[in-house]
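Visitor: For reference, the structure I am asking about is given below.
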Amino acid sequence: MHPPTSILTLALATLTTATPPLQPWQVFRLSTFSPSGRPGSSIWSVINTTILDPNDATVSPAICVGKWTYDALPYGAVNNCSDVTGGRWSFAMLKSDGTGASPTTDFKLRFELVKGGVVFAGTQKFVVGENMSGLCGASGVCSFGLKEEMTPVLVYQAREG
């Protein structure tokens, strides 16, 4: 006995329209820098990160940079990333829920990728002692980055809207 044609048609339609689950984005480089605050030194703190979408070979890795001063913390400011083929990346730094929230040592990053008019977004937490390490020198200059053994850090994204 053969199943009815309508059941086979429905089964095939379901298979052809199902989309595979998204693989998480990959942050494979991240560093932060804060200046000493001494007279004559730079006033800019900086974050550099590189993110990749493994779901689409046409979207190149993006290099993202944000900078701020001590007087104007970066939380919520949207920063555009480098131009890439196949999409447009941006990111914003969000304040951590932790008690040691800091824009260089304990923060969240919210990434957005726009591809073909569709917006995908994902957020990940970065914390010294968990997925980051680094140090501050005697001069007061601080530098932190991803722990090599934690790379890449995965960012689980979802379609918005």
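Visitor: First measure r as the distance between the Cβ atoms of Glu148 and Ile63, then evaluate 1/(1 + (r/R0)^6) with R0 = 22 Å and state the FRET efficiency to the nearest 0.05.
Guide: 0.70
Visitor: Still on this structure, I have one more. Angle, helix 5-17 long axis vs. longest principal axis of the chain, Cα atoms, 0 to 90°, nearest 10?
Guide: Here the helix axis deviates by roughly 20 degrees.
Visitor: D for segment 23-160, whole µm²/s, Stokes-Einstein with Kirkwood Rh over alpha-carbon pairs at 37 °C and 0.692 mPa s: what number?
Guide: Result for D is 213 µm²/s.
Visitor: Which value in deg cm²/dmol, rounded to the nearest 500, describes the helix-derived mean residue ellipticity at 222 nm for the chain, given -39,500 (n - 2.57) per DSSP H run of n ≥ 4 and division by the residue count?
Guide: -2500 deg cm²/dmol
Where a number appears in this text, it was derived from the coordinates with a stated rule and is not lab data. Model, not experiment: these values are computed from the prediction. Note that we place each Cβ from the backbone using ideal geometry, even for glycine, and neighbour counts take in every protein chain shown.
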